[in-house]
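Starting off with a structure, shown below.
The values are calculated or read from the model by the stated rules, or taken from the named source; none is laboratory data. This structure is a prediction, so every number in the text was calculated from the model and none was measured. Using ideal geometry, Cβ is built from the backbone for each residue, glycine included, and neighbour counts are taken over all protein chains shown.
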Amino acid sequence: MTPHSHNNSPSSIISSLYFRYKLTGEGSIRTRGIFVRLLTTVAALRCYLTKRCSENKLIAVTEDLKLDEMTGWYQTAVGLVPTMGNLHQGHLSLIQRARQENSTVIVTIFVNPLQFAPNEDYQRYPRTLELDQQFCEQAGVDAIFAPTPEEMAVPQKSIQESRVTQVIPPSAMITGLCGRSRLGHFQGVATIVTKLFNLIQPDRAYFGQKDGQQLAIIKRLVADLNLPVEIVGCPTMREASGLAFSSRNQYLTVTAKQQAAALYRGLRRAEAAFIAGDRNSNKLIALVQQEVAIVSTILVEYIELVEPTTLMSLEKVEEEGMLAIAARLGSTRLIDNIILRDRQPIIAIDGPAGAGKSTVARQVAANLNLVYLDTGAMYRAVTWLVLQKGIAIDDECAIAQLTNQCKIELTPNQDLQSSVRVWIDGTDVTQAIRTIEVTSIVSAIAAQSYVRQALVKQQQNWGKRGGLVAEGRDIGTHVFPDAEVKIFLTASVSERARRRQEDFNKQGQPEMSLEQLERDIAERDWKDSTRKVSPLQKAADAVEVQTDGLNISEVTTQIVNYYQQRLSQ
Ligand code: AMP
């Protein structure tokens, strides 16, 4: 097993960027040979989006991408990363996730006056557009939208003074935590984010968990107003000291930065107690307080434990809690948080076709007494229902409706050879979903974006309780990005060809030469890893398991050992 190394890591991009910038002072660096479009007006943005949209439609009809079961739906998507600029590794992680999942990535850079109170740092906030532009270029962003306040039709005033139409999130969500000291802040955020969603109409928008209250409010806003955008929350990126990256860290001296790391140390101390069994809010908060109090220059504004989606205060953590802190160091206000989750672990197994993922996942689940989440069986069950109801395969609207209304249940099967038992709308379809009829159209159904969205949502709902082993191509990166254990299972092309030939022989299928199989697999790998959108990638925190020369039980043992080692840490 080798820990995954990431050559395009945030730090490598940033250090190379700053190094080159310092060295040459170049105005525009184009390492990838891609221009990032800088759009500063609404008219240019609209024109750009219209052009992209027609280009994308052309791609969708001319290439066979539509029928690629896992990734077809990403091919024409627009991903939005809203920022206030002065980009750092935190922003970069959002951009990289967006790059993975969308064909067009737009970063907005707008220091939004509406979200600053009159006494806050609106004027002082760092504005570094030229560097940001180079940063986006290196990260493979397609376009930056960086309007002036006038262009966004907002005055340079706080929300209370601005007289613009406001979007006001539920008061219970905006009055606690940061809302207590930052009056009007979340109305200002919600108003501008709604404007950006209307202007850009993205398929997905990416926000950092670092601003946990903001993330919860935006998810709620989108749900309450039925905005057609998926909100993707991304983990907090940190410096080596644990300090969360933030544009405001610039205001800190080297010493103050070291001191600021106490915030995360405090959160980690509470997390350790939580893992050891402490669930009580007062106790966990006191632990953060104690740790932070060691640094006398830190002035705590709040430390609270809330439910991460509703932001209601918790007395104890039942399933999930967000332990959040805000504090001042001199005139700099810093925030951070950590999610405390009381669930059984999730094991995510990703990797190329033919690496033995499903067999291994089933064995690992049986070994650890976890549930094997057979995602393939879910797509098969929907396909079976589509056939049963006589719906045409290309009637995407009817299929979307069906998928959102049906009830799928998976239960473990004692017999390791057969998969889980599968029910759809109360009918046991465990056998019925394995017919040739279902097999021949399941990938066309799985390629439909609404089917996938509904099933991924269902999988994530099951994931709340944990205790799952799931396999696929984007389980650790997309479906369960917070899985406790992530495995990237792989094998050489020749090994996978050999295994596939063995399978064909066992199933009594016509003989296929090893050379032909190797060619097919190599071609599939090439397509998988080079497609612009959603290439097959190891999650940054996955471990790679090379399975050449190993049998199923040896691979299973490796994963089980790794799981136990991870959990004991
Ligand atoms: P800002 O430019 O500060 O408004 O941040 C833009 C987006 O980047 C927001 O969704 C933030 O939550 C996110 N972000 C900021 N810092 C981090 C970080 N350290 N890790 C992950 N995301 C971050």
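Which residues, taken from the range 201-218, are within 15 Å of the ligand (Cβ to nearest atom) and under 27 Å from Asn56 (Cα atoms)?
Pro202, Arg204, Ala205, Tyr206, Phe207
Here's something else I'd like to know. Can you run down the residue pairs with Cβ atoms below 6 Å, 6 or more apart or on separate chains, where the first is in the range 335-359 and touching a residue at least 24 places away in the same chain (Cβ under 8 Å) and buried (at least 21 other Cβ atoms within 10 Å of the Cβ) and the partner is β-branched (Val, Ile, Thr) and in a loop (DSSP other than H, G, I, E, B)?
Pairs that qualify, where the first residue is touching a residue at least 24 places away in the same chain (Cβ under 8 Å) and buried (at least 21 other Cβ atoms within 10 Å of the Cβ) and the partner is β-branched (Val, Ile, Thr) and in a loop (DSSP other than H, G, I, E, B), are Leu340/Val317.
Sort out which residues of the range 368-396 are assigned to a helix (DSSP H, G or I) and within 29 Å of the chain's Cα centre (by Cα), and write them in order of number.
As a first pass, look at the range 368-396 and keep what is assigned to a helix (DSSP H, G or I): 368, 375-389, 396.
Listed by number, the residues that qualify are Leu368, Thr375, Gly376, Ala377, Met378, Tyr379, Arg380, Ala381, Val382, Thr383, Glu396.
Of all residues in the range 219-236, count the ones that are of a type outside the set (A, V, I, L, M) and away from the ligand (no atom under 14 Å from the Cβ).
Result for the range 219-236: 5.
Identify the residue in the range 487-515 that is polar (S, T, N, Q) and surrounded by 11 or more Cβ atoms within 10 Å (Cβ to Cβ) and, among all such residues, is nearest to Val560 (Cα to Cα).
Thr490
Is it the case that the range 64-85 has a residue that's at negative phi, assigned to a helix (DSSP H, G or I) and at pLDDT 95 or above?
no
Same structure, new question: Are there any pairs, at least 6 apart or on different chains, whose C-beta atoms fall under 7 Å, with the first in the range 134-155 and acidic (Asp, Glu) and the second assigned to a loop (DSSP other than H, G, I, E, B), and if so, which?
Cβ pairs passing all conditions: Glu137/Ile29; Glu137/Arg30; Glu137/Ile34; Glu137/Val36; Asp142/Val36; Glu151/Thr40; Glu151/Thr41.
Condition (residue is within 16 Å of the ligand (Cβ to nearest atom), buried (at least 22 other Cβ atoms within 10 Å of the Cβ) and either of a type in the set (D, E, K, R) or closer than 24 Å to Leu567 by Cβ (or both)) applied to the range 296-312: is it met by at least one residue?
yes
While we're on this one: Ile106 is checked against (1) within 15 Å of the ligand (Cβ to nearest atom); (2) among the aliphatic types (A, V, I, L, M); (3) under 23 Å from Ala244 (Cβ atoms) and fails just one. What number does that condition carry?
(3)
Yes/no matrix, rows are residues, columns are (1) among the polar types (S, T, N, Q); (2) on the phi < 0 side of the Ramachandran plot:
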residue: Arg500; (1), (2): no, yes
residue: Gly508; (1), (2): no, no
residue: Glu511; (1), (2): no, yes
residue: Arg519; (1), (2): no, yes
residue: Thr530; (1), (2): yes, yes
residue: Leu536; (1), (2): no, yes
residue: Ile552; (1), (2): no, yes
residue: Leu567; (1), (2): no, yes
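Would a scan of the range 180-188 turn up a residue that is in contact (Cβ under 8 Å) with a residue 24 or more places away in the chain, among the hydroxyl-bearing types (Ser, Thr, Tyr) and either in contact with a helix residue (DSSP H, G or I) (Cβ under 7 Å, 6 or more places away or on another chain) or closer than 22 Å to Gln569 by Cβ (or both)?
No, the range 180-188 contains no residue that is in contact (Cβ under 8 Å) with a residue 24 or more places away in the chain, among the hydroxyl-bearing types (Ser, Thr, Tyr) and either in contact with a helix residue (DSSP H, G or I) (Cβ under 7 Å, 6 or more places away or on another chain) or closer than 22 Å to Gln569 by Cβ (or both).
When you scan the range 534-546, do you find a residue that is assigned to a strand (DSSP E or B) and out of contact with any Phe, Trp or Tyr (no Cβ under 9 Å at 6 or more places or on another chain), even just one?
The initial filter retains those residues of the range 534-546 that are assigned to a strand (DSSP E or B), namely 543-546.
Checking which are out of contact with any Phe, Trp or Tyr (no Cβ under 9 Å at 6 or more places or on another chain) leaves us with 546.
Yes, because at least one residue in the range 534-546 is assigned to a strand (DSSP E or B) and out of contact with any Phe, Trp or Tyr (no Cβ under 9 Å at 6 or more places or on another chain).
Give me the pairs: first residue in the range 246-263 and closer than 16 Å to Gly90 by Cα, second residue assigned to a helix (DSSP H, G or I) and charged (D, E, K, R), beta-carbon distance under 8 Å, and six or more apart or on different chains, which are they?
The qualifying pairs are Ser246/Lys210; Asn249/Lys257.
Could you list all residues from the range 80-103 that are within 12 Å of the chain's Cα centre (by Cα), near the ligand (Cβ under 7 Å from one of its atoms) and surrounded by fewer than 24 Cβ atoms within 10 Å (Cβ to Cβ)?
Ser93, the sole residue that qualifies.
Out of all the residues in the range 109-143, which are under 30 Å from Ser449 (Cα atoms), away from the ligand (no atom under 15 Å from the Cβ) and part of a helix (DSSP H, G or I)? Walk me through how you get there before you give the answer.
Taking the range 109-143 first, the residues under 30 Å from Ser449 (Cα atoms) are 109, 136-143.
Subsequent filtering for residues that are away from the ligand (no atom under 15 Å from the Cβ) retains 137-138, 140, 142-143.
Those that are under 30 Å from Ser449 (Cα atoms), away from the ligand (no atom under 15 Å from the Cβ) and part of a helix (DSSP H, G or I): Glu137, Gln138.
Arg328 fails exactly one of the following numbered conditions: (1) part of a loop (DSSP other than H, G, I, E, B); (2) closer than 25 Å to Glu120 by Cα; (3) not hydrophobic (A, V, I, L, M, F, W, C). What is the number of that condition?
(1)
Here's something else I'd like to know. What's the number of the condition Gln363 fails, among (1) assigned to a helix (DSSP H, G or I); (2) surrounded by fewer than 21 Cβ atoms within 10 Å (Cβ to Cβ); (3) out of contact with any strand residue (DSSP E or B) (no Cβ under 8 Å at 6 or more places or on another chain); (4) not aromatic (Phe, Trp, Tyr)?
Looking at each condition in turn, Gln363 falls short on (2).
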